[in-house]
Amino acid sequence: MNIVARFANDESGATAIEYGLIAALIAVGIIAAATTLGGSLSGLFSNISTKLNTVVVPG
């Protein structure tokens, strides 16, 4: 009976799961931010490239 009581009161697994969920949510946030920032940077560099190509005429 003592083993069952200790097992029922053990919350270390629940704590590990909570930390895992927090880490997963942080990772999702970082991925979303990087995706958004990457798209913005891509558009910015495309715009700069287009302007440089119109200003600097090869020749």
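None of the figures in this text is laboratory data; all of them are computed from the coordinates on show. Fair warning: this is a prediction, and the values are worked out from it, not measured in the lab. Here the Cβ positions follow ideal geometry from the backbone for every residue, glycine too, while neighbour counts run over all protein chains shown.
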Quiz item: Can you tell me which residues in segment 8-27 are acidic (Asp, Glu) and under 25 Å from the mean Cα position of the chain (by Cα)?
Solution: Glu18
Practice problem: Can you tell me which residue among Ala5, Ala24 is loosely packed, with under 10 Cβ neighbours inside 10 Å and free of Cβ contacts under 8 Å to residues at least 12 places away in the same chain? | Solution: Ala5
